[in-house]
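Asks: Mind having a look at this structure? Questions to follow.
No value in this document is a laboratory result; all are computed from the given coordinates. In this text the structure is predicted, and so the values were computed from the model without any measurement.
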Amino acid sequence: MTPLLLVPVLLQPSRDVSAIIAEYRRFFTAASRADAKGVLAVTTPDFTQTQRRGQVLKRGQVEVAYRALFKSFPQPKWDWKVSTVRVTGNSATSTLTYTMTARTVDSKGKAHSVLIVGAERHAWQRQANVWRLRSASVTKEDVRVDGKKLG
């Protein structure tokens with residue numbers, strides 16, 4: 001996991017921006033361990049994720065999706081970059097790009113390499129002085145298996 005942070009601030013990020021970046025670190029640390037419960041620990045109870053084609057998933061559905069992803073890819077490697085964070089009171093928005101690489105084995109025992117490159121817009125909410133991810137909208141997703149684009 002190699003985070004690259006490009007947060008538009010003059011010298012040092014604000015305490016709020018730093019706290020949101022820390023939540024991203026928690027998220028991707030859990031994702032690198034294939035820990036769906038840890039990934040969702042940074043979200044609000046009413047968290048939603050809007051897929052690239054417009055389908056909206058509730059928190060429970062997102063957890064099922066992460067569990068399936070991590071079952072298929074038990075040792076994912078993540079690179080991520082936060083491009084923007086804008087804080088207004090107890091709300092914030094951010095943009096994120098990420099790359100996940102992994103190996104998997106199909107039902108016939110053949111190994112495959114997987115690459116997922118994506119981008120998302122996020123909405124955050126401060127709850128009891130802790131920033132939690134309230135929603136994510138997938139804006140880009142490119143999935144490749146053995147170099148061949150899927151979907």
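Asks: Before anything else, pin down the relative contact order of region 44-149: Cα pairs under 8 Å, at least 6 apart, normalised by residue count, whole percent. Mind showing how you got there, number by number?
Replies: On the way: 213 pairs, mean separation 26.9, N = 106.
Dividing the mean separation by the residue count of region 44-149 yields 25 percent.
Asks: Would you list which lysines come within 16 Å of residue 110, measuring only between C-alpha atoms, while excluding same-chain residues fewer than 8 positions from it?
Replies: Filter leaves 148.
Asks: At 0.36 nm per residue, and after removing the present C-alpha to C-alpha distance, how many nm does the segment from residue 86 to residue 51 gain when stretched out fully?
Replies: Answer, rounded to one decimal: 10.4 nm.
Asks: Quick one: angle between helix 15-32 and the longest Cα principal axis of the chain, in degrees between 0 and 90, rounded to 10, please.
Replies: Long axis of 15-32 versus the principal axis of the chain: about 20 degrees.
Asks: In whole Å, what are the extents of the chain along the principal axes defined by its C-alpha atoms, from largest to smallest?
Replies: 53, 32, 27
Asks: Which residue fluctuates the most in the chain, going by a Gaussian network model with Cα springs under 10 Å, if the choices are 46, 79, 106?
Replies: 106
Asks: Using helices alone, what [θ] at 222 nm do you get for the chain, with -39,500 (n - 2.57) per DSSP H run of 4 or more residues, divided over all residues and rounded to the nearest 500?
Replies: Values: 3 runs with 37 residues, N = 151.
Dividing the helical sum by the residues of the chain leaves -7500 deg cm²/dmol.
Asks: Antiparallel DSSP bridges in the chain: what percent, to the nearest 5? Intermediate values should be presented prior to the final figure.
Replies: On the way: 46 of 54 bridges.
The antiparallel proportion sits near 85 percent.
Asks: While we're on this one: In the structure displayed, which of 37/140; 58/108; 81/108 lie more than 31 Å apart, Cα to Cα? Display every interim value, and only then the final one.
Replies: Working: 37/140 24 Å; 58/108 34 Å; 81/108 36 Å.
Violating the 31 Å limit, Cα to Cα: 58/108; 81/108.
Asks: Rounded to the nearest 10 degrees, what's the angle between the helix 59-72 long axis and the longest principal axis of the chain, both from Cα atoms, 0 to 90?
Replies: The two axes meet at around 40 degrees.
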